[in-house]
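Here is the structure we will look at.
The values are calculated or read from the model by the stated rules, or taken from the named source; none is laboratory data. Since this is a predicted model, take the numbers as computed values, not measurements. Note: ideal-geometry Cβ built from the backbone for every residue, glycine included; neighbour counts use all protein chains shown.
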Amino acid sequence: MARPAPTYVCQACGAVSSKWAGRCDACGEWNTLEEEAAGVGEAAHKTSLASAKGRAAKLELVGLKGDAPERPRAVTSIAEFDRVTGGGLVPGSAILVGGDPGIGKSTLLLQVAARLAGAGHVIYVSGEEAIAQVRLRASRLGLAEADVELAAATNLRDILATLEAAKPRLVVIDSIQTMWSDVLESAPGTVSQVRACAQELVRYAKRSGATVLLVGHVTKEGQIAGPRVVEHMVDTVLYFEGERGHQFRILRAVKNRFGPTDEIGVFEMTGAGLAEVANPSALFLSSRDEGASGSCVFAGIEGTRPVLVELQALVAPSPLGTPRRAVVGWDTGRLAMVLAVLETSAGLSLAGNDVYLNVAGGLRVGEPAADLAVAAALMSSHLNIPVPPHVVLFGEVALSGTIRRVTQTDARLKEAAKLGFKAAIVPARSREAEGDAKKRAKDEPALTTYEVADLNALLELLKEGALGA
Ligand code: TYD
Ligand code: MG
C-alpha cells in the first residue's frame, strides 16, 4: 500500500492544505503549517457512502414520554460557578474551560471536582502534573479529604479504558493539549490531536452520561491554541480571565447550550484557592481613588447582575506625532468613537493628547452603556474637574453626541443606591421608560438622577458642579 500523501494543517486555524507554505492561506498566520500524517482510522473510511448500507438511527420524540425522569443537573454550591454554567452541570455534557496558563483553571476545577465528589465517582485526569503535585495542591486547598480520584495519564486510549471501568459522574481532563490519541501520528497539542481527543471525549460524555470538563490553554494572542477548533464540539465554553497582577478572576460563559451566555462569575485568588465574590461591585470599588480627576463609576450589567466598576482615564499632551491610545478592559474602537464624538459634539480638543483608559480591577466591559461613563472620565481628566465620588453614570453615546437609553435602568440604580451612591447621571427619559412609575415611587432608591440628552449637557453638569457633594 502506498504511503498516504502528507497533509499540512495550520496550527492556528485548523485549515488543511496539501502542500507546505510559509503562510496559511485561510487565516494569514505565518509559520503555522505543520505536517500531520493522515490517521490510520481516517484511511479506513475511504469507502463511498453510497456503496455500503447504513444502520437506521432510532428516532425519538422531543418531549420526555413515560416516567423516565431527566437526570438532574449537578449543582456544585459554588454559586459563582453554578451561575455561569446556567444552574449546574448537565449530565452527558462537555465543557471547555479556557484561559491563560497560571490563571487558576486547575485550581478551580479541583475545587469543583471536590464539591461533586461523594455522589458517584469523580475523576481528575492530569496530563501536566504528577499525582503528588495535585495532592499537594489539594491539601493547600483544604481538600485532602475529598473523594476525588486522581490519574496522571495522557494516552487517550488508556484514559477511556479507565473511564469505562470506573463509570464516573464527572471527569476533569487537565489539559486537552497534553492528551494524545495513538490513532494519529502527530504530536500532542497539534490541532489534529486536540481535535481528535476532544471529539473522542465528547462522544464518551454523550454515550456514558458523565459530565466532561476539558481544560484548554490560551496563547498570548487570546487563542486557545488548538482548542479554538474544539469550541464547536463542546456544549459549553467558559473562559477564565483576569489580570495576572490582580487577585480577581472572572469566569465568563461564551457559549452555553444549557443557559445564558452573558453571565459572569467573580472569584478572588487567595492563599487557599479561589474564593467566591458574592458582591463584585463592592470589591471593584474597594480601592478607589476618590476625588481624583479622570475617575468615575460606571453602573453596568453583567448577565443578570448589576456590577459597578471604576473607570479611569488619563488625557495628557503627547510628545509624539501620533498620540498614543491605550485601553485596558474596554474596546479600542469604541474609545476612538467616543473621542471623535467628544471632539465634534462637545468641542473638546483631544487630538494632540495621549489617552489612556483603564477599567479598574481587571474586569472587561463589553456594554455600550459604558460610553457615557467613559466620556465623563475623559472630560474629567482633560478639564481637570473631578467627578464627585458619590455619582454613577450609564448611557450609550450616539455618533451625533446624543445619549441613548439603555436597558435595566432600575437594576443599575438600585445597586448604586445599595452601595451608598447618592446621584446618577442617566440618559434623558430613562426613568419614564422603565416600568410602572407609580409602583416604583414606593421603593424609589434614594438617588438623585440627572438626565442628560447629549454630551454637552454632561459637560455643563460637570462644569457647574451642580452634582453636590
Ligand atoms: P493554576 O490553577 O495552576 O493555573 P492553570 O491551571 O490555569 O495554569 O493556578 C496557578 C496560580 O494560582 C499560581 O500562580 C499560584 C496561584 N494559587 C494561589 O494563589 N493560591 C492557591 O491556593 C493555589 C492553588 C494557586
Ligand atoms: Mg493547570
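Of the candidates 315, 309, 327, the single residue that is in contact with a Pro (Cβ under 9 Å, 6 or more places away or on another chain) and part of a strand (DSSP E or B) is 309. Screening 133, 199 for residues that are away from ligand 1 (no atom under 13 Å from the Cβ) and either surrounded by 14 or more Cβ atoms within 10 Å (Cβ to Cβ) or more than 23 Å from residue 74 (Cα to Cα) (or both) leaves exactly one candidate, 199.
Against the list (1) modelled with pLDDT of 90 or more; (2) within 16 Å of ligand 1 (Cβ to nearest atom), the condition residue 100 fails is (1). Determine whether region 363-371 contains at least one residue that is in contact with a strand residue (DSSP E or B) (Cβ under 8 Å, 6 or more places away or on another chain) and at pLDDT below 90. Yes. Report whether or not residue 234 is surrounded by 21 or more Cβ atoms within 10 Å (Cβ to Cβ) and part of a loop (DSSP other than H, G, I, E, B). Yes; evaluated as a whole, the condition is true for this residue. Residues being closer than 23 Å to residue 278 by Cβ, touching a residue at least 24 places away in the same chain (Cβ under 8 Å) and part of a strand (DSSP E or B) are represented in region 346-368 by at least one member.
Just to be sure, is residue 169 touching a Gly at 6+ places or on another chain (Cβ under 6 Å) and among the basic types (Lys, Arg)?
yes
Pairs are defined by a Cβ separation below 6 Å, a sequence spacing of at least 6 or placement on different chains, a first member in region 205-229 that is of a type in the set (D, E, K, R) and assigned to a strand (DSSP E or B), and a second member that is modelled with pLDDT under 55 and surrounded by 24 or more Cβ atoms within 10 Å (Cβ to Cβ); no pair meets this definition. Being surrounded by fewer than 21 Cβ atoms within 10 Å (Cβ to Cβ), in contact (Cβ under 8 Å) with a residue 12 or more places away in the chain, of a type in the set (A, V, I, L, M) and closer than 15 Å to residue 106 by Cα holds for only one residue in 160, 141, and it is 141. With respect to the stated conditions, residue 148 is crowded, with 17+ Cβ neighbours inside 10 Å, in the same structural domain as residue 268 (by TED's automatic domain parsing) and within 16 Å of ligand 1 (Cβ to nearest atom).
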